[in-house]
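The values are calculated or read from the model by the stated rules, or taken from the named source; none is laboratory data. Source: prediction; values computed, not measured. Note: ideal-geometry Cβ built from the backbone for every residue, glycine included; neighbour counts use all protein chains shown.
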Amino acid sequence: MDFKILFEDETMLVAVKPQGMPTQGDKTGDLDLLSALQQHCGHGLGLIHRLDRPVGGLLVFAKTKKAEAALQKQMQEGLLEKSYRSVLCGEMPEKQGTLADFLKKNMRTNLSEVVSPKEKMAKKAVLRYRVLDTLKEENQTLSYVEIQLETGRHHQIRVQTAHGNAPIWGDKKYNPAFQGKGRTEIALWSYALKGLHPVTNQLWRFQQIPTHGIFQLFSEKL
């Protein structure tokens, strides 16, 4: 499975994870991006953040322990910004806004759900969204949105948008319209990363706007 490296120096690496490729090794034994990049570099890499297997897009990796500590600190302090593009089946309540919920992960099913903040193990989840475009397709409204995470919870974007009656197109876990269907690619893509270089402290930003699959309906207009 092909991957693409957008940037690489002696301390960090930014790569594009293909949809369907694990971020790191899992029980399937399929080739994962971390292992592929470590083979490319000839040494171990620090995994800073992850993407669900069906989700594609940008990931940053550390090439040294010092860089790993610096990038992880940025993650913890909210200085490493991750932005997504997604196509939703439905409409968001406003043209731009915030979704704030409490999520709980079911370890048995590997699914998360919105729960009461009083429930044990519930974790607050916050994201900001902006609607870029909408269109009618097969008697339903599709919304093309940009999303920024303020927290990093399990399946967060997928759960929160579904809870808001606008599940992600192609999501077999949280969109009932796609459950039990054949192969489809979820319309969720990590399109931009922004942070500070772990050594020079200079601002960096990389992006790759999705134009494949269902995203094609919008890429010609934007």
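Would you please name the residue that is surrounded by the most Cβ atoms within 10 Å (Cβ to Cβ), looking only at residues in region 94-113 that are without any contact (Cβ under 8 Å) to a residue 40 or more places away in the chain and aliphatic (A, V, I, L, M)? The qualifying residue surrounded by the most Cβ atoms within 10 Å (Cβ to Cβ) is ALA100. Of the residues contained in region 111-125, none is found to be within 30 Å of ALA177 (Cβ to Cβ), under 15 Å from the mean Cα position of the chain (by Cα) and among the β-branched types (Val, Ile, Thr).
Is it fair to say GLN72 is without any contact (Cβ under 8 Å) to a residue 60 or more places away in the chain and closer than 23 Å to GLN148 by Cα? Yes; evaluated as a whole, the condition is true for this residue.
Inside region 157-174, can you point out the residues that are farther than 14 Å from ILE186 by Cα and in contact with a strand residue (DSSP E or B) (Cβ under 8 Å, 6 or more places away or on another chain)? Let's see the steps before the verdict.
In the first step, residues of region 157-174 are kept if they are farther than 14 Å from ILE186 by Cα; the result is 160, 163-165.
Those that are farther than 14 Å from ILE186 by Cα and in contact with a strand residue (DSSP E or B) (Cβ under 8 Å, 6 or more places away or on another chain): GLN160, HIS163, GLY164.
Identification of strands (runs of 3 or more DSSP E) wholly contained in region 114-222 with 2 or more residues that are buried (at least 18 other Cβ atoms within 10 Å of the Cβ) and either small (Gly, Ala, Ser) or free of Cβ contacts under 8 Å to residues at least 12 places away in the same chain (or both) yields 188-196.
Which one is farthest from HIS154 (Cα to Cα), of the residues in region 93-113 that are assigned to a loop (DSSP other than H, G, I, E, B) and of a type in the set (S, T, N, Q)? First the steps, then the outcome.
Start the filter on region 93-113 by keeping residues that are assigned to a loop (DSSP other than H, G, I, E, B), which leaves 93-95, 107-110.
Narrowing further to those that are of a type in the set (S, T, N, Q): 109-110.
Details: THR109: 12, ASN110: 9 Å.
Among those residues, the one meeting the criterion is THR109.
THR109 satisfies every condition listed in (1) more than 24 Å from LEU217 (Cβ to Cβ); (2) modelled with pLDDT of 95 or more; (3) among the hydroxyl-bearing types (Ser, Thr, Tyr) except (2).
Any idea which of LEU13, LEU59, LEU34 is part of a helix (DSSP H, G or I) and crowded, with 18+ Cβ neighbours inside 10 Å?
Exactly one of LEU13, LEU59, LEU34 is part of a helix (DSSP H, G or I) and crowded, with 18+ Cβ neighbours inside 10 Å, namely LEU34.
Pick from region 17-29 the residues that are touching a Gly at 6+ places or on another chain (Cβ under 9 Å) and free of Cβ contacts under 8 Å to residues at least 40 places away in the same chain: which of them is surrounded by the most Cβ atoms within 10 Å (Cβ to Cβ)? Before the answer, list the steps.
At the first step, the residues of region 17-29 found to be touching a Gly at 6+ places or on another chain (Cβ under 9 Å) are 17-21.
Going one step further and asking which of them are free of Cβ contacts under 8 Å to residues at least 40 places away in the same chain, we end up with 18, 21.
Working: PRO18: 13, MET21: 18.
Looking at the filtered set, the residue picked out is MET21.
Condition check: charged (D, E, K, R) and under 19 Å from the mean Cα position of the chain (by Cα). Does GLU91 satisfy that? Outline the logic, then answer.
Details: charged (D, E, K, R): yes; under 19 Å from the mean Cα position of the chain (by Cα): no.
Taking the combined requirement at face value, the residue does not satisfy it.
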